[in-house]
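To start, the structure itself, in structure tokens.
The values are calculated or read from the model by the stated rules, or taken from the named source; none is laboratory data. It should be emphasised that the depicted structure is a prediction, and the values quoted were computed from it without experimental measurement. Note that we place each Cβ from the backbone using ideal geometry, even for glycine, and neighbour counts take in every protein chain shown. The protein model used for the area step is the full one, side chains on, heavy atoms only, and it has no ligands, DNA or RNA in it. Shrake-Rupley method; radii C 1.70, N 1.55, O 1.52, S 1.80 Å.
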Amino acid sequence: MSDALAEAKALWAGVDLGGTGTRMVVADSSGGTHAVESVPTRSFAGSAPDDAASLLVDALLDMIPSGSGLVGVGIGASGPVDLTTGVINNPDTLPWFSGIDLVGLMADRMGLPVWIDNDAVVAGLAESTWGAGAGHDSVLCVTLGTGIGVALIEGGQPRRGGDGQHPEGGHIAVGGTGSPCYCGLDQCWEQVASRSALDRLMVRHGLEPWADAPREVWAEYASQLTRGLITHTSIQRPSAVVISGSVVSRWDHLREPLLTVLANRDYGDRPVEVLPGTMGDEAGALGASLLPQRRIGHASSGATAGNVDPR
Ligand SMILES: [Zn+2]
């Protein structure tokens, strides 16, 4: 087998486990997708605690194109994810995948290395590798969804806390949020600037969620968004900020008020670029496919057994 053929047949699986939907991709090392599936996350519910892992393995094995082989599997999950044990601890959003040895069960069944990370991290990996942040050494990826996921990707790797865990940057205090956060604090940024917060803002203005809102509503949301962005960019000083999530589809409305607020801040002699993400709905799954690639590199062929390392 030629090296070129072996490389073409070596593919990576990426899974984006969300509270509502799960997206799975089989991709090559260039981010090209060879198979894509989206299913309701509840379709992995089973009668036994470990059923979700088996059902996810079955779904991935069905996606492998004939003549190809998987080299590794990556999973991005709606956190919290314990990056030491690989165990998801999110019984509210991911009850079927929480509290089980998902990584170990899948690795045993597939004979492949399996890694897991926070969903904000995998979105950041995709955007910094193939998306809007490509070419920047330091990318702060902010994903606006039910909450706010924040990941700082430096030199292709996510910034960790001193304990090896993912820093929850959506829960920085911004003041005046008016509503307590589920995390126990009462000033969390994600309470006023997540996609869910945008929907609530529109309702307060008498609009339907996700409606075509007038400029002043977008200006108010941009103001909320910048309250946390300013803190993050001041502390982290990334070379680019990438905004990810469904709000990007309304970038035409958000861009001008967002940049207007940010332009009034002094970042010193190096302005921070704020860019809309370009990876779309596949950012999480494609980014997850990078988790094994960053650990084991470009395998020439076949499966690399064992080597389960949830970090
Ligand atoms: Zn919080």
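Brief remarks on what is shown
- Computed [θ] at 222 nm, helices only, for the chain once each DSSP H run of length n ≥ 4 contributes -39500 (n - 2.57): -10000 deg cm²/dmol
- Karplus (6.51, -1.76, 1.60) ³J(HN,Hα), θ = phi - 60°, over the range 86-94, in Hz, Gly and Pro reported as x: x, 8, 7, 10, 9, x, 6, 9, 10
- Within the range 115-136, backbone nitrogen closer than 15 Å to the virtual label 7 Å beyond the Cα of residue 239 toward Cβ: 128-136
- The residues of the chain present an accessible area of 42 Å² per residue when probed at 1.4 Å with all protein chains retained.
- Phi-derived couplings, Karplus 6.51 cos²θ - 1.76 cosθ + 1.60 at θ = phi - 60°, listed residue by residue for the range 205-221: 8, x, 9, 6, x, 6, 7, 6, 8, x, 4, 5, 5, 5, 5, 5, 5 Hz, with x used for Gly and Pro.
- Rounded to 5, percent antiparallel among DSSP beta bridges of the chain: 50
- Label sites at residue 250 and residue 216, each approximated as a point 7 angstrom past Cα along Cα to Cβ, lie 1.7 nm apart.
- Relative to the longest principal axis of the Cα atoms of the chain, the long axis of helix 51-63 lies at roughly 80 degrees.
- Only Lys, Arg (+1) and Asp, Glu (-1) charged, at Cβ; the chain dipole about Cα centre in debye: 420
- Packing rank of 38-50, 139-151, where each peptide gets the mean count of other beta carbons within 10 Å, highest leading: 139-151, 38-50
- Accessible-area composition of the chain, carbon plus sulfur, in percent [1.4 Å probe]: 49
- For the range 8-84 and the range 187-236, distance of Cα centres in Å: 32
- Enclosed volume per residue, in Å³, of the convex hull spanned by Cα atoms of the chain: 135
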